[in-house]
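Okay, structure first, notes after.
What follows is calculated from the coordinates using simple rules that are stated; it is not laboratory data. Just so it is clear, the structure is predicted and the values come from calculations on it, not from any experiment. FYI the Cβ positions are ideal-geometry reconstructions off the backbone, even for glycines, and counts take in every protein chain you see.
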Amino acid sequence: MEKNDHILPKDFPELKNDTFLRAARGEEVEHVPVWCMRQAGRYLPEFREFRAGKDFFQTCRSPEDCCELTLQPLRRFPFDAAIIFSDILVVPQALGMDVQMLAGKGPTFPEPLKEPDDLQRLRKKVDVASELGYVFRAITLTRHKLEGKVPLIGFSGAPWTLMSYMIEGGGSTTHSKAKRWLYRHPEASHVLLKRLTDIIVEYLVGQVKAGAQALQVFESHAGCLGPVEFKEFALPYLKDIACRVKDGLKEEGLDNIPMVVFAKDGHYALEDLSQSHYEVVGLDWTIDPRAARNRTGGKVSLQGNMDPCALYATKECISEIVKSMVEAFGTRGYIANLGHGLYPDMDPESVGAFVEAVHAHSRRLLNHK
Ligand SMILES: Cc1c2[nH]c(c1CCC(=O)O)Cc1[nH]c(c(CCC(=O)O)c1C)Cc1[nH]c(c(CCC(=O)O)c1C)Cc1[nH]c(c(CCC(=O)O)c1C)C2
């Protein structure tokens, strides 16, 4: 028995800062909540030190390691949410695919799916509780160790993004191998997307059961699709996930939790995303905040969207950029974040300046109302 196996998903410490959850539901807040995608990452020296010499997915399989890496950024910065340290590619692994994280290359599948016949290689029946139980245990442990400081976000990759990795075998600029399936093998594509959806739904409900207080679905590869392909191969599955997770929680007797959909470079789909049953729509930096508010018609809260590269600017400059961003989004129904993840060469001090600027500017705006 591992040392924390006795820790159960109950009797969690009381939540002290629920600003993120209130903003997600469009409720009143004292300041705009802020967190950063990839806040548990290589820009932190303590992260690099902790991960040194360890295999990435081995780390993902250790609840203690995931807990430590999730908590690291919160010791430095007053973030309003934590996101569990894990990766979206644990789902293809659960389906039986080999995925390795190679230094300097990123995630690599030695045997990607090439033709529809390769779908036979995937596990017919995935026992989510046993294949991904290590993520659930990491969430439960982290929720306890967070001591109610801030809410814990769980996450999954969206079906299209996972499908594209499974076919490309790793990162890609064109995603042409995966898109070839959409145009040449649309039926097999739907079979795969449906299988992924079924597993993701169970995985996300399991995360909430384990202690996650919000969920984010990453459609990181929305940008290589056009509006027509997105409507056929991405949107229906994103909607299905939101609806079925919410139904699943109800069936389990669990409270509803806010869900965030982040479709990177999916600006063409903003109206659709705002009606896809997620409480929050995450935005990359290519979208103008006021245009996003208009196009989503106040139906959802918004999250984002400073260009991560703005963190290379001076602190004064970061503060000015944040000021304009918060004014443009408004303080209600807004969660500040970057438009994508932090890069490994970013200065932790700039991240601190970003967080502080969000809190300071939003407090000032809220006090003057
Ligand atoms: C820190 C980290 C992660 N994954 C990878 C790293 C860097 C490698 C290392 O530390 O050794 C490899 C790692 N994992 C992945 C990549 C991208 C590779 C590529 O496609 O080019 C890399 C370098 C795949 C991945 N993984 C993830 C996404 C979706 C978000 C996004 O769009 O960036 C994607 C696309 C999700 C993810 N991945 C991770 C988190 C942790 C929580 C946090 O955000 O702090 C999350 C939410 C953790």
Next item on the list: Between beta-carbons, use under 12 Å as the cut-off and find the net charge around Gly41, counting Lys and Arg +1, Asp and Glu -1.
Entry: +1
Item checked: Separation of alpha-carbon centers, region 9-30 and region 331-354, rounded to whole Å -> 20
Item checked: Share antiparallel - DSSP beta bridges, the chain, percent rounded to 5 -> 15
Item checked: region 98-213: radius of gyration over Cα atoms, expressed as a fraction of 2.2 N^0.38 Å -> 1.22
Next item on the list: Would you be so kind as to identify which of Cys60, Ala353, Val201 lies farthest towards the positive end of the dipole of the chain, taking Lys and Arg as +1 and Asp and Glu as -1 on Cβ and the Cα centre as origin?
Entry: Val201
Note to self: As a test of the definition: which semi-axes, in Å, follow for region 160-273 when you take the square root of five times each eigenvalue of its alpha carbon gyration tensor? Largest first, please.
What the structure shows: 26, 15, 13
Checklist line | P(r) histogram, all alpha-carbon pairs of the chain included - 20 Å bins from 0, percent | finding: 30, 62, 9, 0
Margin query: Relative contact order of region 227-330, please, whole-number percent, based on alpha carbon pairs below 8 angstrom and at least 6 residues apart.
Written below: 22
Notebook entry, point to check: In what order do Cys67, Cys224 fall by count of nearby beta-carbon atoms within 10 Å, going from fewest to most?
Noted result: Cys224, Cys67
Next item on the list: Give the relative contact order (percent, whole number) for region 45-282; include only Cα pairs under 8 Å separated by 6+ residues.
Entry: 19
Next item on the list: List the pair-distance distribution P(r) of region 224-369, using every Cα-Cα distance, as the percent of pairs falling in each 5 Å bin from 0 up to the bin containing the longest distance, rounded to whole percents.
Entry: 2, 9, 18, 18, 18, 14, 11, 7, 3, 0
Note to self: Which one, Ala158, Thr174, Ala328, is farthest towards the positive end of the dipole of the chain when Lys and Arg carry +1 and Asp and Glu -1 on their Cβ?
What the structure shows: Ala328
Next item on the list: Take the chain, connect every pair of alpha-carbon atoms lying under 10 Å apart with a spring to form a Gaussian network, then pick out the residue of Ala178, Ala52, Ala212 with the largest mean-square fluctuation.
Entry: Ala52
Next item on the list: Just rank Thr286, Thr108, fewest to most, by other beta-carbon atoms within 10 angstrom.
Entry: Thr286, Thr108
Check: Pairs Lys250/Lys299; Lys209/Lys250; Lys114/Lys239; Lys105/Lys231; Lys105/Lys194; Lys239/Lys264: which exceed 20 Å Cα-Cα?
Finding: Lys250/Lys299; Lys114/Lys239; Lys105/Lys231; Lys105/Lys194
Note to self: If you take every residue apart from Leu311 with its C-beta less than 11 Å away from the C-beta of Leu311, what net charge results, scoring Lys and Arg +1 and Asp and Glu -1?
What the structure shows: -3
Checklist line | Calculated Rg and Dmax of region 301-369 using C-alpha coordinates, Å | finding: 11.6, 38
Next item on the list: From the P(r) of region 236-299, can you give the percent of Cα pairs sitting at distances over 14 Å?
Entry: 57
Margin query: Taking the number of other C-beta atoms within 10 Å as the exposure measure, put Cys317, Cys66 in order starting with the fewest.
Written below: Cys317, Cys66
Item checked: Estimated 222 nm signal from helices in the chain, with DSSP H stretches of n ≥ 4 weighted -39500 (n - 2.57), rounded to 500 -> -13500 deg cm²/dmol
Item checked: Dipole moment magnitude, nearest 20 debye, the chain about Cα centre, only Lys, Arg, Asp, Glu C-beta charged -> 260
Margin query: Looking at the chain as a GNM with Cα springs under 10 Å, which of Gly298, Gly104, Gly154 has the largest mean-square fluctuation?
Written below: Gly104
